[in-house]
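Enquirer: One structure coming up, written as structure tokens, with questions to follow.
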Amino acid sequence: MAQRIRVQNFTVSQDGYATGEDQTLERPFGHADPGELMAWRFDTASFPGRTEPGGSRGLDDYFERDFANGIGAEIMGRNKFGPQRGPWSDHEWVGWWGDTPPFHTPVFVLTHHHRPSITLADTTFHFLDATPADAAEQALAAANGLDVRVGGGPSTVRSFVDAGLIDELHVVVAPITLGGGVRLWESADEFDDRFHHENIPSPSGVTHHILWRKESSPEQEQVTS
């Protein structure tokens, strides 16, 4: 099977925001409460950060279990790595992900400011000043035949969608309203000109939106050829 570029478990509010306003070191999601936005993941039996036994099974847990399957590299925007803006002023600080990041693959961080690569446990972060197409090409090469996940934030996901580079999206709409922040979309049918689209309500209250490419774009053919 050909390599794919995917978005997985990407969660937005009912009004389309994936993160809130006023991001800080202490509040990676700004004014949004990740405990509310991401509750569907945190409550599953398979969530890797779970510290107590139990947790939900079923549809939400299926998507959480599938999160790492077949992924060989990750792409993220700088704002998902950390809250610094402009030139890197603190190379000692190595991101929100701790000493053992959850990716276990090469990670390509999009930024306009150079920084040397960082290795933490089995994850190496590479910092790229690159277009989505160039970043996708490098990530696909590093993925050793596996798929590439575009992990966020919303502006990064949207830039890859707009460049015609995404093969599959799994977007989860949580039953909360944020009223501001950074949006992925204004409406869940916004990408329907480019993707087939099915949605599946979950007993937890979220709705899982599954989108897959209608046809290959010239940009995708160029990257994957």
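The values are calculated or read from the model by the stated rules, or taken from the named source; none is laboratory data. Just so you know, these numbers come straight off a predicted model, no measurement behind them. Every residue, glycine among them, receives a Cβ derived from its backbone with ideal geometry; neighbour counts consider all protein chains shown.
Enquirer: For residues that are farther than 28 Å from residue 24 by Cβ, buried (at least 17 other Cβ atoms within 10 Å of the Cβ) and of a type in the set (Gly, Ala, Ser), tally how many sit in segment 164-199.
Expert: Total meeting the criteria: 2.
Enquirer: Next question, about the same structure. Look at residue 47 and say whether it is within 20 Å of residue 208 (Cβ to Cβ) and either touching a helix residue (DSSP H, G or I) at 6+ places or on another chain (Cβ under 6 Å) or at pLDDT below 90 (or both). Before the answer, list the steps.
Expert: Values: within 20 Å of residue 208 (Cβ to Cβ): yes; either touching a helix residue (DSSP H, G or I) at 6+ places or on another chain (Cβ under 6 Å) or at pLDDT below 90 (or both): yes.
Yes: the conditions hold for residue 47.
Enquirer: Could you figure out which of (1) closer than 19 Å to residue 103 by Cβ; (2) surrounded by fewer than 16 Cβ atoms within 10 Å (Cβ to Cβ) isn't true of residue 205?
Expert: Unmet for residue 205, out of (1) closer than 19 Å to residue 103 by Cβ; (2) surrounded by fewer than 16 Cβ atoms within 10 Å (Cβ to Cβ): (1).
Enquirer: In the list 190, 186, 198, which residue meets the criterion of being in a strand (DSSP E or B), modelled with pLDDT of 95 or more and of a type in the set (D, E, K, R)? Steps first, please.
Expert: Values: 190 fails: in a strand (DSSP E or B); 186 fails: in a strand (DSSP E or B).
The match here is 198.
Enquirer: Could you tell me whether segment 150-159 includes any residue that is among the polar types (S, T, N, Q), at pLDDT below 95 and part of a helix (DSSP H, G or I)?
Expert: Let us first name the residues in segment 150-159 that are among the polar types (S, T, N, Q), namely 155-156, 159.
Restricting the remaining residues to those that are at pLDDT below 95 gives none.
No, because not a single residue in segment 150-159 is among the polar types (S, T, N, Q), at pLDDT below 95 and part of a helix (DSSP H, G or I).
Enquirer: Follow-up question, since we're still on this one. May I ask you to list pairs of residues, at least six apart or on different chains, whose Cβ atoms are under 6 Å apart, with the first in segment 171-199 being over 9 Å from residue 15 (Cα atoms) and free of Cβ contacts under 8 Å to residues at least 40 places away in the same chain and the second being surrounded by fewer than 18 Cβ atoms within 10 Å (Cβ to Cβ) and of a type in the set (S, T, N, Q)?
Expert: Once the first residue is over 9 Å from residue 15 (Cα atoms) and free of Cβ contacts under 8 Å to residues at least 40 places away in the same chain and sits in segment 171-199, its partners that are surrounded by fewer than 18 Cβ atoms within 10 Å (Cβ to Cβ) and of a type in the set (S, T, N, Q) give 199/207.
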